[in-house]
Amino acid sequence: LHGAMAVDAGEIFRNLRILSSLLWKIIFFRPQIVHINSSLSRVGILRDAAAAVVARMAGKKVVTHYHGSVPEFVEKGGLPVRLLNLLARLSHINVACNSASQEHLIRSGGGHRPALYLPNFIDESRFDATKESPERKRGGPKLRALYVGGLTKAKGVFDAVKVAELSEQFELTLFAPSMTEEFHALKGKLPGNVFVRIGLSHEDLVRAYWDHD
């Protein structure tokens, strides 16, 4: 698989547990619809497609929500793209987070499956740039921001680092499962208020959420 889908035994067993749990819940709860969240991981797409196969074999409707850039995923080619096309065809409804991904999903589904565009959102009322934070008013420690996800431009990580460079009022921790090639070149140029944590445990992740603002 050209190393693109190389995965350790622990990840294989985790995915098998997810699929067996899905099958058990289909049998026990008898849902009408199975909702799949696809992170567009080149390894996880195999699990997502398998989950769609299980659901369809059980006679269930499938709604798949793609969290990421489908065009960027497709550019890399290979088996993961064929699995994406299979997933799009098996899903009764495909949901994208941007219009470019929506167009790709329409083509991936052979034009026979509806692809909806559901944009991500931010509640701007909670992030008022005209107001000073209580932490800075009382001269306390810097606000601590946490990012969890893939270290890619498509996820906005590079923009977050640029924001951190422009402001010393907060610290930014990037918590990622692995280092990416595109981020590796940037790693040695990070400002002093940006920290990277790679491949830590689920317990570390939970602790990080509690430790950040």
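The values are calculated or read from the model by the stated rules, or taken from the named source; none is laboratory data. Being a predicted model, the structure only gives us computed values, none of them experimental. Because the Cβ atoms are built from the backbone with ideal geometry, glycine has one as well, and the counts that use them run over all protein chains shown. In case anyone asks, the SASA skips ligands and DNA or RNA and just uses the protein heavy atoms, side chains included. Shrake-Rupley method; radii C 1.70, N 1.55, O 1.52, S 1.80 Å.
With N counted as the residues of region 137-213, its alpha-carbon radius of gyration over 2.2 N^0.38 Å works out to 1.10.
At an R0 of 22 angstrom, the distance between the Cβ atoms of Ile33 and Ala160 translates into a FRET efficiency of 0.05.
What is the sum of charges, Lys and Arg at +1 and Asp and Glu at -1, for the other residues whose Cβ falls under 13 Å from the Cβ of Gly44? Value of the local net charge: +1.
Write down the accessible area per residue of region 1-88 in Å², having rolled a 1.4 Å probe over the full set of protein chains. Intermediate values should be presented prior to the final figure.
Numbers: 5070 Å² over 88 residues.
Spelled out: the 1.4 Å probe surface of region 1-88, per residue, equals 58 Å².
Using heavy atoms of the protein chains and a probe of 1.4 Å, the accessible area assigned to Asp213 is about 130 Å². Converting phi to 3J(HN,Hα) with the Karplus coefficients 6.51, -1.76 and 1.60 and the offset θ = phi - 60°, region 53-63 yields 4, 4, 5, 5, 5, 7, x, 9, 6, 10, 10 Hz in sequence order, with x at every glycine or proline. Our estimate of slack between Glu103 and His67, defined as 0.36 nm per intervening residue step minus the Cα-Cα distance, is 11.5 nm.
Here's the picture: charge each Lys and Arg Cβ at +1 and each Asp and Glu Cβ at -1 in region 38-122, and of Pro119, Ala51, Pro71 the one pushed furthest to the positive end of that dipole is Ala51.
Of all trypsin sites (Lys or Arg not before Pro) in region 175-212, which ones are in loop regions per DSSP and have a Cβ with at most 12 other Cβ atoms within 10 Å?
Lys189
Taking a ≥ b ≥ c as the square roots of the Cα gyration tensor eigenvalues, with a/c under 1.5 meaning rounded and otherwise prolate when a/b beats b/c, else oblate, which class fits region 1-117? Since a/c reaches 1.5 but b/c is at least a/b, the shape of region 1-117 is classed as oblate. Ranking Phe13, Phe158 from most to least accessible surface, computed with a 1.4 Å probe over the protein chains only, gives Phe13, Phe158. Using the Cβ of Asp204 as centre and a radius below 11 Å, the other residues enclosed give a net charge of 0, where K and R count +1 and D and E count -1.
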